[in-house]
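Step one of this worksheet: look at the structure below.
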Amino acid sequence: MEMLNEGMGVSVVMDKSFDLTNYPNIAVIPIIPKKSSQLAFIKRKGDMVPVVNLFWEFARNRT
């Protein structure tokens, strides 16, 4: 994001994956026609690793 803000590059990213609050020099140009995609998160049943559980809860709260 910082490189884009400084005028170095172009990026294609999903609309909900960034926050431009601190990047006043970045312009958003929608792709037309609009394209959609889906993303799925999966994990092993019974996986109790703390970092996996933290991420899983984060993902659940973002839907």
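Observations, loosely collected:
- If only residues of segment 31-54 that are open to solvent by less than 100 Å² (accessible area, probe 1.4 Å) and part of a loop (DSSP other than H, G, I, E, B) are counted, the one that is modelled with the lowest pLDDT is ASP47.
- Residues satisfying the stated conditions in segment 16-30, i.e. hydroxyl-bearing (Ser, Thr, Tyr) and either farther than 27 Å from GLU2 by Cβ or part of a loop (DSSP other than H, G, I, E, B) (or both): THR21, TYR23
- Look at segment 1-14: where a residue is free of Cβ contacts under 8 Å to residues at least 40 places away in the same chain and under 24 Å from LEU39 (Cβ atoms) and a partner is among the hydrophobic types (A, V, I, L, M, F, W, C) and open to solvent by 90 Å² or more (accessible area, probe 1.4 Å), sitting 6+ places away or on another chain with Cβ atoms under 8 Å, you get LEU4/VAL10; GLY9/MET3; VAL12/ILE31.
The values are calculated or read from the model by the stated rules, or taken from the named source; none is laboratory data. Worth saying up front: this structure is predicted, and the values here are computed from it rather than measured. Note that we place each Cβ from the backbone using ideal geometry, even for glycine, and neighbour counts take in every protein chain shown. For accessibility, only protein heavy atoms count, side chains too; no ligands or nucleic acids. Shrake-Rupley method; radii C 1.70, N 1.55, O 1.52, S 1.80 Å.
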